[in-house]
Structures are given as C-alpha cells and as structure tokens.
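Accompanying notes for the structure given below.
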Amino acid sequence: MDTDGVPTGVWSVIFGTANGDTATGVMVFDDHRIAGGDSNFYYTGNYRCDGDEISAQIKVAHYGFSTGTIAGPILRGGTLHLNFRGRWNADTITADGRLEGAQNASVRCKLTKLEDLPPAAPAPG
C-alpha cells in the first residue's frame, strides 16, 4: 500500500546500460528506506517522492562470488553508489541513474511492484 504518497512494498528491479548489459534484483521500499539485493550484491539507501517523481540514493555493496557488474568489474567487497531520478505509480517505477565510480556509469532502472508489505506485528505485551 502507498502511504503518504510514497511507494511501499516489494519491487523487482531490472538495471540496464546503454550497451545492453542488464542485471536484476529485488528492492523493498518502506518509509523512505530501500533494502534489497541479488545473488552477489546487497542494496541499501533512501528515496524521496514529490508527486509522481522519485529520487533515490543507493549503496550497492558486493558480498558474493562474482565481481562482474553491469558497470564493469569491481573489487571483491567493493561498493558502488547509484543515484537515480524518475517517475512512479502504484505498479511501476522508471528511472535513469548514474553509478558513481563505474565504467558504464549510466543506468536505466525499471521496477515492478510484486506485492505490498504485510502489516506490522502488534507490540508484545
């Protein structure tokens, strides 16, 4: 469910570069925070919305085996920073971004909402 005019929920993401490289992952948007990942990288960050416009700053950190990325190879355990800006609605986010410190710096992001987050559990007591 969208609360206060911001996208919340679980989203699939496809990252693409101008030369045709792609990568996929999952992101959770909740209360202006982002967390997610794929088989080799995890993502953490935050986002802001103004109407149907969205911007985000995301750290992409290596933890897995492969060090190859759509942005070129990075050092094992290394990090990249993705900044993107685009538009969103209840089901999709499309945005263009830049990976700081990467060979293929321009990235197009397409996110598709998979489901809403479950309600918070009641406090014990």
* To do: Among what's in the stretch 54-76 and is within 20 Å of ILE34 (Cα to Cα) and more than 15 Å from the chain's Cα centre (by Cα), pick the residue that is modelled with the highest pLDDT.
  => TYR63
* Structure fact -> Note on the stretch 25-42: residues buried (at least 17 other Cβ atoms within 10 Å of the Cβ) and under 11 Å from TRP11 (Cβ atoms) are GLY25, MET27, PHE29, ILE34, GLY36
* Structure fact -> Flagged in the stretch 81-125 as polar (S, T, N, Q) and either buried (at least 16 other Cβ atoms within 10 Å of the Cβ) or within 23 Å of ALA61 (Cα to Cα) (or both), in numbering order, are ASN83, THR94, GLN103, ASN104, SER106, THR112
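The values are calculated or read from the model by the stated rules, or taken from the named source; none is laboratory data. Everything numeric here is computed off the predicted structure, so don't read it as measured data. A quick note on method: Cβ atoms are made from the backbone with ideal geometry, for glycine too, and the neighbour counts reach across all protein chains shown.
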